[in-house]
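Here's the structure we're looking at; comments come further down.
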Amino acid sequence: MESGEVKKAHKLSPHNRSYLHLLPAALATLLLTLVLRNEVVWSRMEWLVLFATTPLAYAVLLGVLLLFGLDSDDRLMWPAVWSKLQGSVQKVPVNS
């Protein structure tokens with residue numbers, strides 16, 4: 001089987017329309033960051049805005065992606081990814 005046949009059989013193409021599923025998540029994240037930037041422009045603590053906006057932007061990106069951006073293969077893989085993430089978070093020691 002040639003390289004082109006493998007790519008075609010597995011639908012591996014940089015021009016695959018599945019990338020469009022990422023567009024709502026990217027737009028929601030962009031909108032959030034622009035709104036937050038405009039709302040806290042008065043703040044003199046830019047570092048605080050940065051540290052507050054970054055996790056929130058990632059949460060919005062992942063949330064919208066999970067709601068609208070997963071195809072059937074991704075949904076099949078998500079439980080395994082989630083359990084792996086939970087396992088890695090539980091292993092992190094917390095100093096008291």
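Here are the numbers for this structure:
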quantity	calculated
Residues of region 8-54 satisfying the condition of being closer than 24 Å to Phe68 by Cβ, modelled with pLDDT under 80, out of contact with any Lys or Arg (no Cβ under 7 Å at 6 or more places or on another chain) and among the hydroxyl-bearing types (Ser, Thr, Tyr)	Ser18, Tyr19
Region 55-81 residues that are within 17 Å of Leu34 (Cβ to Cβ), paired with ones that are among the hydroxyl-bearing types (Ser, Thr, Tyr) and part of a helix (DSSP H, G or I) (beta carbon under 6 Å, 6 or more apart)	Ala57/Thr29; Ala57/Thr33; Val60/Thr29; Leu61/Thr29
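The values are calculated or read from the model by the stated rules, or taken from the named source; none is laboratory data. All values reported here derive from a predicted model rather than from experimental measurement. As a convention, Cβ positions derive from the backbone with ideal geometry for all residues, glycine included, and neighbour counts pool all protein chains shown.
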